[in-house]
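Student: Here it is, the structure, as structure tokens.
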Amino acid sequence: MGTTKKWGSILLSVSMVAGLLAACGGNAGGDNNGAKDPAPANNGGEAAADDTSPITFTFYGADESPNWQKMQDAVGKVITEKTGVTLDAEYAVGDSSQKIALIAASGDYPDLISPKGELSKLVDAGAMLDLTDLIEEHAPNLKKLFGDQIKRLRYSEEDQSIYVIPTYAEVGGEGLEAGGGFELQHRVVKELGYPKIRTVKDFENAIKAYLEKHPTDENGNPNIGLTLNADDWRMYISVTNPAFYTTGAPDDGEYHIDIDTQEVTYHFRRPVEKEYFRWLNHMNAEGLLDKESFVQKYDQYKAKIASGRVLGLIDQRWDFADGENALKAEGKFEYGYGHYPVTLTEEYKDTSYWPTGFMAGNGVGITVDNPDPVRAIKFLDFLASDEGQILDNWGVEGQHYVVENGKRVIPADVLEKKKNDPAGFQKESGVGFYHNLGAHYGDGVLDPTGNYYTTAFPEQIIATYNDVEKETLAAYGLQTWKDHFPKGEEFPIRPWGAAWNIQVPSDSDTNILAEKMKGITWKRIPEIILAKPEEFDAKWDAYQEELLKAGVEKMEDGYEALVKERVKLWNE
């Protein structure tokens, strides 16, 4: 920790001499009928960086971004014009944990980095600057955006430095667009008369009934009932996380935490989750689960979806969107997917919208190798400004939206491209490319002009649905897919936020044991799902015994201490 602060002081003092802070206010107000986008009130923020001379920062992001256009898209060009910053970016391919470990060990760091869940490796290596003073001196928009939640940016009770700007969590509002749950193609539910899809049995019955009628596609290729994405870290999203979503528990990563006592259990040790995996085992035995689920690579998974042969998914839309978008680009909208709040039985509620409160933890940080930390924080501050937020969410005025009667409106031709060719639209516009680079407000939050910061508000969400999707929604009496899901207010707020974004010291016993449990689980869960049904119980019991022998209880105790520390840090 001392190395980080030493380098932070040296670089900060040098950069402060070079950087002069000048407020760049905007004129509040608005015009009508296609007038320029009314400039949001300043409210303590600044509209743009004061130094716009060209500068290039290297950047590494732990998420994949296959459509990245090197900031040569429309939004990227405006960001560079306003800040002078160009990013020489490298994005992860597959699991980035090993890459982050290599970066941490090398001592040669990119200027900016988004390490997601691997921040502790970089902090332990002394790679990260403490951003506390940089934010205080040079980031009025970040201060305004986070408000009294800024205390949640602190790294730990022991080390209260701020190492990253949270970019994976929204400030205010709530997600209004459902992208998870269980997915079925629109053609499936239409042919079956739009049956109730509430439990895993309902989901199974729909797939089975459709496959009996249509075992192959028009070219004679076999249709696939359900395929899972188990390629590396995506195992969490498609295979293991649904075990808690469908059994009444929130997403706390690999753990279940008692809301009252904060007692921690490795979630696979919950007896009810055994029954979820028993259902997957049954799906395999019935021939409804894709036999290649545990051997296919991510590109193969997306290609299957793009073929139109996959009837059902258990995934998040951001993970399968490339495959679905390919179908939309071909006009095959009936092969797209609806989202259903499926649980093991009706006694449980889908927990996709269990609230967390504002979550810090994962985001973008500035490393000790950055040549100009002041310019870097001002770049991140611009992305948090109202102007930066509008660019990220709406695009460039006159190209991707217009202002009519004081309201931002997406023209019909732009909306059609956004609906029917999402990947092509993003490549050209840059809308969304910069979302996880900057802090941002949540869906439903209004800017000072009375417009929504994001385009994910009910009227605009509905406008982005194609006719087939609208037909499916109407048949279920819904306007949006979110309407299908239990609302956030039906659940208590967890005082620790979400446990998956608690940083675990990389050299701790807890972290070492967690890696051991992951290895066991990723090996045993596929074996259990693919086993003969009569072998299921014995294999499950052997898996549980293996966890105990490997030290799962010690890991749970270690993580429980971290959860309680988080609760204290955030609520003191």
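Student: Does Gly126 satisfy being among the small types (Gly, Ala, Ser), outside any helix (DSSP H, G or I) and assigned by TED's automatic domain parsing to the domain that holds Leu391?
Tutor: Working: among the small types (Gly, Ala, Ser): yes; outside any helix (DSSP H, G or I): yes; assigned by TED's automatic domain parsing to the domain that holds Leu391: yes.
Yes.
Student: Give all pairs with beta carbons closer than 6 Å in which a residue from region 73-102 that is closer than 27 Å to Gly388 by Cα and assigned to a strand (DSSP E or B) meets a residue that is of a type in the set (S, T, N, Q) and at pLDDT below 95; count only pairs at least 6 apart in sequence or on separate chains.
Tutor: Matching pairs, first to second residue: Tyr91/Ser65.
Student: Continuing with the same structure: For Tyr301, which of the numbered conditions (1) over 25 Å from the mean Cα position of the chain (by Cα); (2) in contact (Cβ under 8 Å) with a residue 40 or more places away in the chain fails to hold?
Tutor: Just one mismatch for Tyr301, condition (1).
Student: Does any residue of region 334-350 turn out to be touching a Pro at 6+ places or on another chain (Cβ under 7 Å), closer than 27 Å to Asp95 by Cα and either modelled with pLDDT of 95 or more or in a loop (DSSP other than H, G, I, E, B) (or both)? Full working, then the answer.
Tutor: So the first thing to find is which residues in region 334-350 are touching a Pro at 6+ places or on another chain (Cβ under 7 Å), and the list is 341, 349-350.
Pick out the ones that are also closer than 27 Å to Asp95 by Cα and you get none.
Taking every residue of region 334-350 in turn, none turns out to be touching a Pro at 6+ places or on another chain (Cβ under 7 Å), closer than 27 Å to Asp95 by Cα and either modelled with pLDDT of 95 or more or in a loop (DSSP other than H, G, I, E, B) (or both).
Student: Give region 370-386 a look and list any residue that's surrounded by 24 or more Cβ atoms within 10 Å (Cβ to Cβ) and acidic (Asp, Glu), or say none.
Tutor: Asp381, Asp386
Student: Still on this model: Considering only residues of region 491-534 that are touching a residue at least 24 places away in the same chain (Cβ under 8 Å) and of a type in the set (Asp, Glu), which is nearest to Asp159 (Cα to Cα)? Give the derivation first.
Tutor: Step one: list which residues in region 491-534 are touching a residue at least 24 places away in the same chain (Cβ under 8 Å), which gives 491-511, 513-514, 516-518, 520-522, 525-526, 528-533.
If we keep only those that are of a type in the set (Asp, Glu) as well, we get 507, 509.
Details: Asp507: 16, Asp509: 19 Å.
Here the residue is Asp507.
Student: Here's something else I'd like to know. Can you tell me which residue within region 215-230, out of those that are touching a residue at least 12 places away in the same chain (Cβ under 8 Å) and surrounded by fewer than 20 Cβ atoms within 10 Å (Cβ to Cβ), is farthest from Phe294 (Cα to Cα)?
Tutor: Step one: filter region 215-230 for residues touching a residue at least 12 places away in the same chain (Cβ under 8 Å), giving 217, 221-230.
From the residues that got through so far, the ones that are surrounded by fewer than 20 Cβ atoms within 10 Å (Cβ to Cβ) too are 217, 221-223.
On the way: Asp217: 23, Asn221: 21, Pro222: 19, Asn223: 18 Å.
Filtering first and then ranking leaves Asp217.
Student: Collect the residues in region 135-165 that are within 14 Å of Lys378 (Cβ to Cβ) and surrounded by fewer than 23 Cβ atoms within 10 Å (Cβ to Cβ), keeping them in residue-number order.
Tutor: Residues of region 135-165 within 14 Å of Lys378 (Cβ to Cβ): 135-143, 165.
If the condition is that a residue be within 14 Å of Lys378 (Cβ to Cβ) and surrounded by fewer than 23 Cβ atoms within 10 Å (Cβ to Cβ), then Ile135, Glu136, Glu137, Pro140, Lys143 are the ones that fit.
Student: If you go through region 266-313 one residue at a time, how many are surrounded by 17 or more Cβ atoms within 10 Å (Cβ to Cβ) and either modelled with pLDDT under 95 or over 17 Å from Asp541 (Cα atoms) (or both)?
Tutor: 22
Student: In addition: Would you say Gly126 is on the phi > 0 side of the Ramachandran plot and either of a type in the set (Lys, Arg) or surrounded by fewer than 19 Cβ atoms within 10 Å (Cβ to Cβ) (or both)? Let's see the steps before the verdict.
Tutor: Working: on the phi > 0 side of the Ramachandran plot: yes; either of a type in the set (Lys, Arg) or surrounded by fewer than 19 Cβ atoms within 10 Å (Cβ to Cβ) (or both): no.
Against the criterion (on the phi > 0 side of the Ramachandran plot and either of a type in the set (Lys, Arg) or surrounded by fewer than 19 Cβ atoms within 10 Å (Cβ to Cβ) (or both)), Gly126 does not qualify.
The values are calculated or read from the model by the stated rules, or taken from the named source; none is laboratory data. This structure is a prediction, so every number in the text was calculated from the model and none was measured. So basically every Cβ, Gly included, is an ideal-geometry build from the backbone, and we count neighbours across all protein chains shown.
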